[in-house]
Amino acid sequence: MSAGAPAPRRTRRGQLLVGASLGARYLPAALVGLPIVSLVLSPLGAAAVQQWVLRPAVRVRLGGAVHAADTLGVQLLVAFVLLWALLALWALLPIVLSRRLVLLDPEHGTLSRRRGLRRLPDRPVADVVWAVGEADRDAVALIGLLPGGAHPGDDREAEQWVIPHIGWDDASFDGLRALQEAAGLSVSPPRPVLAAAARRRRRTAAHRVLAERYDIPWRPEYEDPAEFERELDHVRRVLGGKESTRPEDPPPSDPGRPGTRG
């Protein structure tokens, strides 16, 4: 497999996942975010555990473990584990009920859509007329389908599937790329390539705003961030009186230079 070939996740049956899997969305929260929340809330939970341990019936059941249960460290640990388990279960439920993804069966050339716990009827891959999506983490993918595919002069309205979180990670986006490849459509570049291009566009847009603010005429070489940052640093030093103007700089009377206006 080449470096740019799609590498999506697969089910046990060999189907390709178009979109973020349940584990990809759930595990970061369950293993990173929720433990932190549980740790912050554990003192409150420890107080509840302490009140529970003080009940006579509970102390009888604990027997020899009563002394251990009376210690603050054990109560904090029990509260942390219980809160983590409850929050993890609570977080799993909405993800399971709201998830949307598509399963691509390359062997049989079919697509099946999952919405929550439901699995909708299969569609042939030949029905796919477009499949597009952005590389952003929370971006959506749009899949258009027409029975039998598109034909010249076809004015039918395509059915559209919406797949959220298509850019959740590389494997999620590669599912879309695999679908594009299977449907004979133009295959998007890998997600890291698109993400890097998006970062460059955002950085260039921010630099253009700064150039307008400091009245710096935009030049093609400023597409290189290092070139623009050097020019911006020079302009700031000139404005601060720490550096003299260069021969190629606009003359002081030029209103296009920052700090020269009356």
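The values are calculated or read from the model by the stated rules, or taken from the named source; none is laboratory data. Note that the coordinates shown come from a computational prediction; the quantities given were computed from them, not determined experimentally. In this analysis, Cβ positions are derived from the backbone assuming ideal geometry, glycine residues included, and neighbour counts consider all displayed protein chains.
General remarks:
- Residue identified as touching a residue at least 24 places away in the same chain (Cβ under 8 Å) and either surrounded by fewer than 18 Cβ atoms within 10 Å (Cβ to Cβ) or touching a strand residue (DSSP E or B) at 6+ places or on another chain (Cβ under 8 Å) (or both) among Asp155, Asp169: Asp169
- When every residue of region 183-196 is checked against the conditions, at least one turns out to be surrounded by 12 or more Cβ atoms within 10 Å (Cβ to Cβ) and of a type in the set (Ser, Thr, Tyr).
- Unique residue being of a type outside the set (Val, Ile, Thr) and at positive phi when the list is Gly73, Gly116: Gly116
- Considering the conditions (1) touching a His at 6+ places or on another chain (Cβ under 8 Å); (2) modelled with pLDDT under 70, Glu243 is excluded by exactly one of them, (2).
- Annotation note: of Ala57, Ala69, Ala85, the sole residue that is in contact with a Leu (Cβ under 6 Å, 6 or more places away or on another chain) and either at pLDDT below 90 or over 30 Å from Asp170 (Cβ atoms) (or both) is Ala69.
- Within region 96-139, the set of residues being surrounded by 16 or more Cβ atoms within 10 Å (Cβ to Cβ), touching a Lys or Arg at 6+ places or on another chain (Cβ under 9 Å) and not in a strand (DSSP E or B) comprises Arg99, Ala135.
- Number of residues in region 106-127 that are touching a residue at least 40 places away in the same chain (Cβ under 8 Å) and over 25 Å from the mean Cα position of the chain (by Cα): the value is 5.
- Criterion: part of a helix (DSSP H, G or I), surrounded by fewer than 14 Cβ atoms within 10 Å (Cβ to Cβ) and at pLDDT 75 or above - qualifying residue of Gly33, Gly45, Gly63: Gly33
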